[in-house]
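*Asks:* Before we start, here is the structure in question, set down as structure tokens.
The values are calculated or read from the model by the stated rules, or taken from the named source; none is laboratory data. Keep in mind it's a predicted model, so treat the numbers as computed, not measured. Because the Cβ atoms are built from the backbone with ideal geometry, glycine has one as well, and the counts that use them run over all protein chains shown.
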Amino acid sequence: MTVERLDALERRLDAAEAQLAIIRLEAEYARSWDAGDGAAYARCYMPDGAFELYGADGVRMKPVYRGRAELEALCAKITPTMVGLHFMHLPRITVTGDTATSRIHFDYRGILTGDPRYTGRRETSGYYDVRYRRTDEGWKIEYRLEKKVFGQLCEGFDIYVQPDFP
């Protein structure tokens, strides 16, 4: 085998290994959020990584969350009131050296759990556009944009509230 062919094979193997590592990272991203493990969720990101969320109307829904402390706090705030599962589709990953990008379609189904007199079910579909960077800790999320394309919230309220008669 020629040196050129060995170099090409090494580049292809490196790209394949990077793609597999990113797929594992995305699996951990979904698992850690769904489990309410804020520390593990934040470790999916670079120390200064960012998450941005847009609604189906194209309007930013929240501020940009930056850094592992804010990301961990976000997970700790949301996951106790909504328990659910991410259904991640296969990502379309492009690797360029020590950086990569992907688009990942997702579905999320969750149950609201914050108040015994209030129930709800949320279903959301959309995609993530993600930028990654290879670090000494492995591949990490540098920036993640979530774009909701479809969302539905079905709410239920306790209708049997006892009147407070004087």
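*Asks:* Hey, which of the strands (runs of 3 or more DSSP E) in region 57-153, taking only ones fully inside, have at least 1 residues that are out of contact with any Pro (no Cβ under 7 Å at 6 or more places or on another chain) and over 21 Å from ALA16 (Cβ atoms)? Write out each step before concluding.
*Replies:* Values: elements: 82-88, 92-96, 99-115, 118-135.
Passing ranges, in order: 82-88, 99-115, 118-135.
*Asks:* For THR79, only one of the following conditions fails: (1) at pLDDT below 90; (2) more than 25 Å from ARG24 (Cβ to Cβ); (3) of a type in the set (Val, Ile, Thr). What is its number?
*Replies:* That leaves (2) as the condition not met.
*Asks:* Right, next: Residues that are touching a residue at least 60 places away in the same chain (Cβ under 8 Å), of a type in the set (Val, Ile, Thr), in contact with a strand residue (DSSP E or B) (Cβ under 9 Å, 6 or more places away or on another chain) and under 15 Å from MET88 (Cα atoms): does region 138-150 have at least one?
*Replies:* The answer is yes; a qualifying residue exists.
*Asks:* Could you say whether any residue in region 135-158 is surrounded by 14 or more Cβ atoms within 10 Å (Cβ to Cβ), polar (S, T, N, Q) and at pLDDT 90 or above?
*Replies:* The answer is no, given that none of the residues of region 135-158 is surrounded by 14 or more Cβ atoms within 10 Å (Cβ to Cβ), polar (S, T, N, Q) and at pLDDT 90 or above.
*Asks:* Turning to a different aspect of this structure: All but one of (1) assigned to a helix (DSSP H, G or I); (2) surrounded by fewer than 18 Cβ atoms within 10 Å (Cβ to Cβ) hold for MET1; which doesn't?
*Replies:* For MET1, the failing item is (1).
*Asks:* Another question about this same structure. Taking region 54-87 as the region of interest, how many residues are surrounded by fewer than 18 Cβ atoms within 10 Å (Cβ to Cβ) and either under 15 Å from VAL149 (Cβ atoms) or among the acidic types (Asp, Glu) (or both)?
*Replies:* Residues that pass the stated criteria total 9.
*Asks:* Among the residues of region 52-75, write down those that are within 14 Å of the chain's Cα centre (by Cα) and either without any contact (Cβ under 8 Å) to a residue 12 or more places away in the chain or under 27 Å from ASP115 (Cβ atoms) (or both).
*Replies:* Listed by number, the residues that qualify are LEU53, TYR65, LEU71, GLU72, LEU74, CYS75.
*Asks:* Read through the list (1) surrounded by fewer than 18 Cβ atoms within 10 Å (Cβ to Cβ); (2) of a type outside the set (Gly, Ala, Ser); (3) not in a helix (DSSP H, G or I), then give the number of the only condition that MET46 fails.
*Replies:* Tallying (1) surrounded by fewer than 18 Cβ atoms within 10 Å (Cβ to Cβ); (2) of a type outside the set (Gly, Ala, Ser); (3) not in a helix (DSSP H, G or I), MET46 fails exactly one: (1).
*Asks:* Can you spot a residue in region 35-43 that is without any contact (Cβ under 8 Å) to a residue 12 or more places away in the chain, part of a helix (DSSP H, G or I) and charged (D, E, K, R)?
*Replies:* The answer is no; no qualifying residue exists.
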